[in-house]
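The values are calculated or read from the model by the stated rules, or taken from the named source; none is laboratory data. Everything numeric here is computed off the predicted structure, so don't read it as measured data. Note that we place each Cβ from the backbone using ideal geometry, even for glycine, and neighbour counts take in every protein chain shown.
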Amino acid sequence: MKNFWIIAFSILISACGVNDSITVTPTLRRMPTTTPLPLIPSAPTNTPPPLPTLPPTPAPVAYKIQKGDTLIAIASKFNVSLEAIDKLNPGLNPANLQPGQTILLPPDTQGLTAASIPLPAITPLPITLGTFYCSPTPSSSVICLSEFKNTGNAPILNLSAQVNLLNADNSPGANAVAYSPFDVIPVGVSVPLAAMFPQASLSSNRVASSAVLTAESASALAERFVMLNVSGAAGSSSPSGFIINGSVINPASVEVKSVVIVATVYNSAGAVTGYRKIILNGTIAPRGSTTFSITMAGITEVTRWAVIAQARTQ
């Protein structure tokens, strides 16, 4: 028994002499790395699902011409623009309005309803859209860009497309509408298309699905629009963005107005990375010209760029 207490006391003394500080050697782990997504990725191998059915878009409202009506009086009465009326009524002759004649006004026209006169549904022309590539913007939004070329045999009026962001599982996500910067797209002309998604984020898939919403034949309007010649255009990078300067020439034998100029920039893969549309005030005389300057803010690296211009003859 005595030996037992001696052994126990010895163990206690040894325990009191142990250093209670413990040195831990940390194990360093390599942080995971991520590969930034390319601006223009390759197309997904799986086929995007069909677009969801959209709710019906607001229909234009019908108005019957009254005795003494003029387009200016109608525009003033219902607080709509002459351009809006003109766009909805291709070929309308303002000098030959007849009482009882029906014209179309914008959907939000006060005092009129779309149900007043049934309007036939307009089926879009069977055209094919290019691929929409999407990228984030500095303003916490997403922009999807593409380009459409009119390869048909007639000019196209009112081109618009529904663009859907795709979720990680490739199902349709948020949708927005892309509009052509030109009212009328002549045969052989290419125009950029853009759909903006405010406060949106991208999944790993940067290709959006799309479908044509509106596209009508503009054969009856061909004489009212003219493509202008672009001359002496030069592009350069600057701290404020990519700047394109040049001039446009009216090749027609009549005066033109409402000059629309569209500058488009592309990356090395040939995809659209941005565009800007400007409208010049005033008119251009037959065979006359005017200068322009377009600044594309935030764009500094450009592989290729193009400028197109269109004006109205009436």
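Just the residues that are assigned to a strand (DSSP E or B) and over 11 Å from TRP305 (Cα atoms), please, taken from region 244-270.
Result: ASN245, GLY246, SER247, VAL248, ILE249, VAL256, LYS257, SER258, VAL259, VAL260, ILE261.
Report the residue count in region 271-308 for those that are surrounded by 15 or more Cβ atoms within 10 Å (Cβ to Cβ), assigned to a strand (DSSP E or B) and β-branched (Val, Ile, Thr).
Within region 271-308, residues that are surrounded by 15 or more Cβ atoms within 10 Å (Cβ to Cβ), assigned to a strand (DSSP E or B) and β-branched (Val, Ile, Thr) number 10.
Could you say whether any residue in region 157-164 is buried (at least 22 other Cβ atoms within 10 Å of the Cβ), more than 15 Å from THR214 (Cβ to Cβ) and not assigned by TED's automatic domain parsing to the domain that holds TYR275?
Within region 157-164 (the criterion being buried (at least 22 other Cβ atoms within 10 Å of the Cβ), more than 15 Å from THR214 (Cβ to Cβ) and not assigned by TED's automatic domain parsing to the domain that holds TYR275), the answer is yes, since at least one residue qualifies.
Go through the residues of region 140-161 one by one and say whether even a single one is farther than 30 Å from VAL230 by Cα and at pLDDT below 85.
yes
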